[in-house]
Every structure is written in structure tokens, then in C-alpha cells.
Amino acid sequence: QVQLVESGGGLVQPGGSLRLSCAASGGDFSFVIMGWYRQAPGKQRELVASITRGGSTNYGDSVKGRFTISRDNAKNLVYLQMNNLQPEDTAVYYCYAFRTGYWGQGTQVTVSS
């Protein structure tokens, strides 16, 4: 059974940092492009970042320079380091395995003073 399980969300003040993790199980995801999406209340789900097996990355314009995606292929783990968080980053963050259709359950990130 394939599962993507996110962790690391929470409440943080503006300017703070969080690190999200996504643990993939039930298959070999090392050859799959992995990514993070987010969805804020009343808004469409948007791509935050993606990463290939070889480490090539792509970022949404709103997070460039603040967020960093990385992965550990041997452990089927994907990370999202989020720095200088702002209130507009508040959303549910989802892990996604491209071309498989598998999503995680989401983890809430709230940026507020």
C-alpha cells in the first residue's frame, strides 16, 4: 500500500522557519519526481517546489529564494526547508509523487504573530 506521510507543520511567527518532511512507503519512489503543493483557504492548490531523482529543482515564484526542496532517495524522503515565512505562506502543504497520482494527507502551516 502506497503512502505519503507529511510531518513538520505547525504555527510559526513571521520571519520564522519550518522544515517539512514527506515519507514515502509502499514502493520505490527514487525514480519519481517528487513535489510539494499547498492550498490556502478559498484558493486553488499551487505548486511550491519539485525535485527530480538527480536533484534538479523547480520552485513557484512566490517561494524562490526562501524555500529549498531536497530528497534522500535511499530513504524515500523528501524535505521542504521553509525560511522567512510570511502570513501568505499559511496553507495546508501536500506531498505529491508526480505521474503516480499519489498525494499525502497534508500538514498545516500557519504563519501568524
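The values are calculated or read from the model by the stated rules, or taken from the named source; none is laboratory data. This one's a predicted model, so the numbers in the text were calculated from it and none came from an experiment. Every residue, glycine as well, gets a Cβ built from its backbone with ideal geometry; the counts of neighbours run over all protein chains shown. The area values use the complete protein model at the heavy-atom level, side chains included, leaving out ligands, DNA and RNA. Shrake-Rupley method; radii C 1.70, N 1.55, O 1.52, S 1.80 Å.
Leaving out ligands and nucleic acids, and using a 1.4 Å probe, what accessible area per residue does the chain come to in Å²?
On a per-residue basis, the chain sits at 53 Å².
Beyond 17 Å, what percent of the Cα pairs of segment 27-88 remain?
Result: 41 percent of Cα pairs exceed 17 Å.
Over all alpha-carbon pairs in the chain, figure out the percentage whose distance exceeds 25 Å.
15 percent
Rounded to the nearest 20 debye, what is the charge dipole size of the chain about its Cα centre when +1 sits on each Lys and Arg Cβ and -1 on each Asp and Glu Cβ?
With Lys and Arg at +1 and Asp and Glu at -1, about 120 debye.
Gain in length, residue 17 to residue 43, computed as 0.36 nm per residue apart minus the alpha-carbon separation, to one decimal in nm?
Gain in length upon complete extension: 7.1 nm.
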